[in-house]
1. Does segment 163-181 contain at least one residue that is within 9 Å of the ligand (Cβ to nearest atom), at pLDDT 95 or above and either open to solvent by 40 Å² or more (accessible area, probe 1.4 Å) or farther than 22 Å from residue 37 by Cβ (or both)?
2. Which count do you get for residues in segment 1-12 that are away from the ligand (no atom under 15 Å from the Cβ) and open to solvent by 10 Å² or more (accessible area, probe 1.4 Å)?
3. Tally up the residues in segment 93-103 that are open to solvent by 50 Å² or more (accessible area, probe 1.4 Å), within 16 Å of the ligand (Cβ to nearest atom) and in contact with a helix residue (DSSP H, G or I) (Cβ under 9 Å, 6 or more places away or on another chain), please.
4. Spot the failing condition for residue 43; the list is (1) among the hydrophobic types (A, V, I, L, M, F, W, C); (2) under 25 Å from residue 118 (Cβ atoms); (3) within 15 Å of the ligand (Cβ to nearest atom), and only one is missed.
5. Any residue in segment 129-141 that is crowded, with 23+ Cβ neighbours inside 10 Å and in a helix (DSSP H, G or I)?
6. Given the criteria more than 12 Å from the ligand (Cβ to nearest atom), crowded, with 21+ Cβ neighbours inside 10 Å and more than 14 Å from the chain's Cα centre (by Cα), does residue 83 qualify?
7. Determine which member of the set 31, 15 is open to solvent by less than 10 Å² (accessible area, probe 1.4 Å) and among the β-branched types (Val, Ile, Thr).
Amino acid sequence: MKAKTVLITGASRGIGRACAAQFAREGHRVIINYKSSRAQAEALAQELKQEGAYARAYCADVADAAQVRDMFSWIAAEFGGVDVLVNNAGVACTKMFCDVEESDWDAVFDVNVKGMYRCTRLALPYMVHKKNGSIVNISSIWGICGASCEVAYSASKAAVIGFTKALAQEVGPSGIRVNCVAPGVIGTDMNHALDKEDIAALEEQTPLGRLGTADEVAAAVCFLAGEQAGFITGQVLSPNGGFVI
Ligand code: NAP
């Protein structure tokens, strides 16, 4: 397959990191976006380079419009643009709804929804020009079925699904596919606040009897981004062990 330029937001850790590694191992050029975890992002880029891949780490807070603009200016200068965009950067907010302050709500939406909006707006002109491109947005099962004490997060992840379906219809005629991956509970830092009992309860609710791995989510992302999924757009693929059917 022809090497593509792939930008993965929030790729220093967890699911984004697994996506970057998988795209790189498939022979694509990867841009590992991160906000704070510089050492982890640089170490990943180094590891992938040693395997013969093209990988660069780039620091930009997707909640900051100017930093996102600078990142896309750099990408335009280096590569022309991105062929694949994975909007993965995300933050959680676990609180009773009545404790969710407006600042909490804004912080979640600024990353999970507006970060996706900002990156997608700047990625699209190049894709439209090439009449080709693929966008994969990371939602969550909580965006499908909702989770108690995660109202802001669930609402933001439902917005990711609406965004995906609407944009897929708008840019399909330009040869651009837009899809969504809505993972179940995955063993990453995002869930490190869960105690043993919470984890056991989640495993029990999952027909496959365990949490998912970041690599299993990355496999779904790479499938949707790639040519095998050439006739798939506007869809939500949910690697969730049967938690939500
Ligand atoms: P994670 O381990 O907490 O990693 C989050 C990543 O996002 C980090 O690389 C972090 O970078 C980056 N990030 C956070 N805020 C950012 C910002 N403002 N700008 C740029 N990067 C930012 O989380 P994860 O579990 O891999 O989650 C990845 C995505 O999957 C998220 O969208 C999440 O909502 C979704 N998801 C996760 C689960 C799960 O169970 N883990 C389930 C469903 C969906 P720095 O460390 O550099 O700040």
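The values are calculated or read from the model by the stated rules, or taken from the named source; none is laboratory data. Keep in mind it's a predicted model, so treat the numbers as computed, not measured. No Cβ is skipped: glycine too gets one built from the backbone with ideal geometry, and neighbour counts run over all protein chains shown. Areas reflect the complete protein model, heavy atoms only, side chains present, ligands, DNA and RNA absent. Shrake-Rupley method; radii C 1.70, N 1.55, O 1.52, S 1.80 Å.
1. So in segment 163-181, the residues within 9 Å of the ligand (Cβ to nearest atom) come out as 181.
Narrowing further to those that are at pLDDT 95 or above: 181.
This time we only want the ones that are either open to solvent by 40 Å² or more (accessible area, probe 1.4 Å) or farther than 22 Å from residue 37 by Cβ (or both), so: none.
No, segment 163-181 has no match at all.
2. Number satisfying all stated conditions: 4.
3. Here is the first cut: in segment 93-103, the ones open to solvent by 50 Å² or more (accessible area, probe 1.4 Å) are 94-99, 101-103.
Checking which are within 16 Å of the ligand (Cβ to nearest atom) leaves us with 94-95, 103.
Next cut, in contact with a helix residue (DSSP H, G or I) (Cβ under 9 Å, 6 or more places away or on another chain) only: 94-95.
Residues flagged as open to solvent by 50 Å² or more (accessible area, probe 1.4 Å), within 16 Å of the ligand (Cβ to nearest atom) and in contact with a helix residue (DSSP H, G or I) (Cβ under 9 Å, 6 or more places away or on another chain) within segment 93-103 amount to 2.
4. Every listed condition holds for residue 43 apart from (2).
5. Kept after step one, since they are crowded, with 23+ Cβ neighbours inside 10 Å, are these residues of segment 129-141: 133-140.
Now drop any that are not in a helix (DSSP H, G or I), which leaves none.
Scanning segment 129-141 turns up no residue that is crowded, with 23+ Cβ neighbours inside 10 Å and in a helix (DSSP H, G or I).
6. Numbers: more than 12 Å from the ligand (Cβ to nearest atom): yes; crowded, with 21+ Cβ neighbours inside 10 Å: yes; more than 14 Å from the chain's Cα centre (by Cα): yes.
Yes: the conditions hold for residue 83.
7. Working: 15 fails: open to solvent by less than 10 Å² (accessible area, probe 1.4 Å).
The conditions single out 31.
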